Amino acid sequence: MTDFIHQNPDGSYTRISMPSTPPSPDPTSLSAVLSKDVTLNPTRNTWVRIYLPSKAVLADNSSTTTAHNKLPLIVYYHGGGFVFTHVSTSLNHGFCDTMAAQLDAVVVSVEYRLAPESRLPAAYDDAMEALDWVKSTDESWVRQFADISNCFLMGTSAGGNIVYHVGASASAPASVEQLAPLNIRGLIFHHPFFGGVARTDSEIRGVDDLVIPRVTTDLLWELGLPIGADRDHKYSNPTADDQWSSNCARIKELGWRLLVAGGDRDPVFDRQMEFVEKLEKNGVSVISHFFPGNPHGVEITDPSTAPVLFVLLKKFINNDM
């Protein structure tokens, strides 16, 4: 399971080839969701893929779209252990495409820099830059159809980890002011990827897990963390950060709602449970839902399992839980 990436003699890295899907921007198509790519930072080669339910365009053409019925905005960060997969990877594209349709939301999926070429915090920096782009862009699909005052940050696996660190940065008073009128309402952690030096029970049970065995997760942290850092670094183990309590206090003060969704067969399950428990101890409003028998990231790899998750997400976004 560690053959997804190897280092070449010249020091560069080659990753396993994965199917990709192009965007579908044509409004005359029969697609339930339209999508298009927009450059974020050409120097860093980062970009976003925007997903827009096509019925929103039809409503706009019939002059029924107003400021009061714009769609919720989900800024999404994909998984891949900070090391592999892209916005255009078919698994990620399919998930976001279906999510936009099922949640009736505009989804902005962020292509961030990958490790080890760009180790953490590069992905966090790109993820924050995407928020600044959203609040200031003239891109019509965002300006015309997305309610940026009703924004949710969501990430899967490593993307869930990114959501925490971006949320911590975005909750700082200066960031809240700088990002206005973008208004974050909640954070959604989908199978968030956390770690630590001491092995948890779920990590011990999942040593040979079919999705993320220990040898893979250890390699991902080795490639993703700053050189010389261990898994108790705050990027891997946020609850060990000396700023944890103050980060929680700001999130609580802003009234953000948090959702942690996963499965109890995930080797990271105990880390996720600890994350929830420590959020609750700090007074943060958090809802947790762990699907029995589900492995890590199953809604991405097996789309047939995703409808139940989307029902949960829609209730959360509509504040109906």
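The values are calculated or read from the model by the stated rules, or taken from the named source; none is laboratory data. Predicted model, so just to flag it, every value in this text is computed and none were measured. Ideal geometry is used to build each Cβ from the backbone, glycine not excepted, and the neighbour counts take in all protein chains shown.
Residue count for the range 111-135 under the criterion of being of a type in the set (Phe, Trp, Tyr) and either free of Cβ contacts under 8 Å to residues at least 12 places away in the same chain or in contact with a helix residue (DSSP H, G or I) (Cβ under 8 Å, 6 or more places away or on another chain) (or both): the result is 2. Residue pairs whose Cβ atoms lie under 8 Å apart, sitting 6 or more positions apart in sequence or on different chains, and linking a residue in the range 5-28 that is closer than 24 Å to LEU58 by Cα to a partner that is surrounded by 10 or more Cβ atoms within 10 Å (Cβ to Cβ) and of a type in the set (A, V, I, L, M), are SER24/VAL33; SER24/LEU34; PRO25/LEU34; ASP26/LEU34; PRO27/LEU34; PRO27/VAL57. Considered as a group, the residues in the range 19-75 that are charged (D, E, K, R) and part of a helix (DSSP H, G or I) include one that is modelled with the lowest pLDDT, and that residue is ASP60. When ASP138, ASP232 are screened for being free of Cβ contacts under 8 Å to residues at least 24 places away in the same chain and part of a loop (DSSP other than H, G, I, E, B), only ASP138 passes.
Kindly provide the set of residues from the range 76-98 that are part of a helix (DSSP H, G or I) and more than 24 Å from SER12 (Cβ to Cβ), ordered by number.
Within the range 76-98, the subset part of a helix (DSSP H, G or I) is 90-98.
Passing the criteria: SER90, LEU91, HIS93, GLY94, PHE95, CYS96, ASP97, THR98.
Considering only residues in the range 208-229 that are in contact (Cβ under 8 Å) with a residue 40 or more places away in the chain and either charged (D, E, K, R) or touching a helix residue (DSSP H, G or I) at 6+ places or on another chain (Cβ under 7 Å) (or both), the one that is farthest from PRO295 (Cα to Cα) turns out to be ARG214. Inspection of the range 252-274 identifies at least one residue that is in contact with a Gly (Cβ under 8 Å, 6 or more places away or on another chain), free of Cβ contacts under 8 Å to residues at least 60 places away in the same chain and assigned to a helix (DSSP H, G or I).
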